[in-house]
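Comments concern the structure below.
The values are calculated or read from the model by the stated rules, or taken from the named source; none is laboratory data. In this text the structure is predicted, and so the values were computed from the model without any measurement. Backbone-built Cβ (ideal geometry, glycine too); neighbour counts: all protein chains shown.
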Amino acid sequence: MVLVIDANVLFSALMNPLAHATRIFTSRKAKIYIPRFCILEALHFIDDSDIVEKHKLKALQLCDGVDLKDTVYVAAALALQATLWTGDKKLRDGLEAKGFHQFKSTVELSRQLFGGHE
């Protein structure tokens, strides 16, 4: 089945992993399309050209031996002086071993932003 979804369905699925929409997303029974602008409405983007070379090099050093595919995320966090939101334990452990602590898990962010427990 081929589906075109609106932004409400997408964000409902993202906000509730137990929702029917999430089940549809994770099944392989549907090919799902969404207009690009729907994603653009909710997120801010940083282009590679906006990240200075020193941040790219530092990120490369930090990700070397951990996972080079994550270099772009670390470079963006460095460039924006932002927290990297990741659930990748291997990445977290590798970055932490190299002295980089500028990251949080979903649970940590939830506690920080909303208080309380999971």
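Among the candidates 117, 55, 101, single out the residue that is modelled with pLDDT of 95 or more and closer than 27 Å to residue 14 by Cβ.
Working: 117 fails: modelled with pLDDT of 95 or more; 55 fails: closer than 27 Å to residue 14 by Cβ.
After ruling out the rest, the residue left standing is 101.
Which of the residues belonging to the stretch 87-103 are buried (at least 18 other Cβ atoms within 10 Å of the Cβ) and either out of contact with any Gly (no Cβ under 8 Å at 6 or more places or on another chain) or assigned to a strand (DSSP E or B) (or both)? Don't jump to the end; show me each part of the working.
Step one: of the stretch 87-103, the residues buried (at least 18 other Cβ atoms within 10 Å of the Cβ) are 91-92, 94-95, 100, 103.
Scanning the stretch 87-103 gives 91, 92, 95, 100, 103.
Can you say whether residue 19 is within 29 Å of residue 90 (Cα to Cα), surrounded by 10 or more Cβ atoms within 10 Å (Cβ to Cβ) and outside the structural domain of residue 94 (by TED's automatic domain parsing), as far as the supplied structure shows? Break it down into steps so the answer makes sense when it comes.
Working: within 29 Å of residue 90 (Cα to Cα): yes; surrounded by 10 or more Cβ atoms within 10 Å (Cβ to Cβ): yes; outside the structural domain of residue 94 (by TED's automatic domain parsing): yes.
For residue 19, the condition - within 29 Å of residue 90 (Cα to Cα), surrounded by 10 or more Cβ atoms within 10 Å (Cβ to Cβ) and outside the structural domain of residue 94 (by TED's automatic domain parsing) - is met.
Answer yes if at least one residue in the stretch 77-85 is within 18 Å of the chain's Cα centre (by Cα), surrounded by 10 or more Cβ atoms within 10 Å (Cβ to Cβ) and not assigned by TED's automatic domain parsing to the domain that holds residue 106, and no otherwise. Break it down into steps so the answer makes sense when it comes.
Let us first name the residues in the stretch 77-85 that are within 18 Å of the chain's Cα centre (by Cα), namely 77-85.
If we keep only those that are surrounded by 10 or more Cβ atoms within 10 Å (Cβ to Cβ) as well, we get 77-80, 82-85.
With the extra rule that they be not assigned by TED's automatic domain parsing to the domain that holds residue 106, the set shrinks to none.
Taking every residue of the stretch 77-85 in turn, none turns out to be within 18 Å of the chain's Cα centre (by Cα), surrounded by 10 or more Cβ atoms within 10 Å (Cβ to Cβ) and not assigned by TED's automatic domain parsing to the domain that holds residue 106.
Across the stretch 87-118, what is the total count of residues that are of a type outside the set (A, V, I, L, M, F, W, C) and closer than 22 Å to residue 52 by Cα?
If we filter the stretch 87-118 for residues that are of a type outside the set (A, V, I, L, M, F, W, C), which is where we start, we get 87-90, 92-94, 96, 98-99, 101-102, 104-106, 108, 110-112, 115-118.
Now narrow it down to the ones that are closer than 22 Å to residue 52 by Cα: 98-99, 101-102.
Counting residues in the stretch 87-118 that are of a type outside the set (A, V, I, L, M, F, W, C) and closer than 22 Å to residue 52 by Cα gives 4.
Any chance you could count how many residues in the stretch 8-50 are within 30 Å of residue 71 (Cβ to Cβ) and either part of a helix (DSSP H, G or I) or under 17 Å from the mean Cα position of the chain (by Cα) (or both)?
Counting residues in the stretch 8-50 that are within 30 Å of residue 71 (Cβ to Cβ) and either part of a helix (DSSP H, G or I) or under 17 Å from the mean Cα position of the chain (by Cα) (or both) gives 24.
Go through the stretch 48-93 and give me each residue that's touching a residue at least 24 places away in the same chain (Cβ under 8 Å), more than 23 Å from residue 107 (Cβ to Cβ) and among the β-branched types (Val, Ile, Thr).
51, 52, 72
Are any residues in the stretch 1-23 touching a residue at least 12 places away in the same chain (Cβ under 8 Å) and of a type in the set (A, V, I, L, M, F, W, C), and if so, which ones? Give the derivation first.
Step one: filter the stretch 1-23 for residues touching a residue at least 12 places away in the same chain (Cβ under 8 Å), giving 1-7, 9-11, 13, 21.
Passing the criteria: 1, 2, 3, 4, 5, 7, 9, 10, 11, 13, 21.
Which count do you get for residues in the stretch 72-91 that are more than 20 Å from residue 43 (Cβ to Cβ) and touching a Lys or Arg at 6+ places or on another chain (Cβ under 9 Å)? Don't jump to the end; show me each part of the working.
Initial filter on the stretch 72-91 (more than 20 Å from residue 43 (Cβ to Cβ)): 89-91.
Checking which are touching a Lys or Arg at 6+ places or on another chain (Cβ under 9 Å) leaves us with none.
The number of residues fulfilling the criteria is 0.
I'm told residue 60 meets every condition in (1) outside the structural domain of residue 108 (by TED's automatic domain parsing); (2) modelled with pLDDT of 80 or more; (3) part of a helix (DSSP H, G or I) except one. Can you identify the failing condition by its number?
For residue 60, the exception is condition (1).
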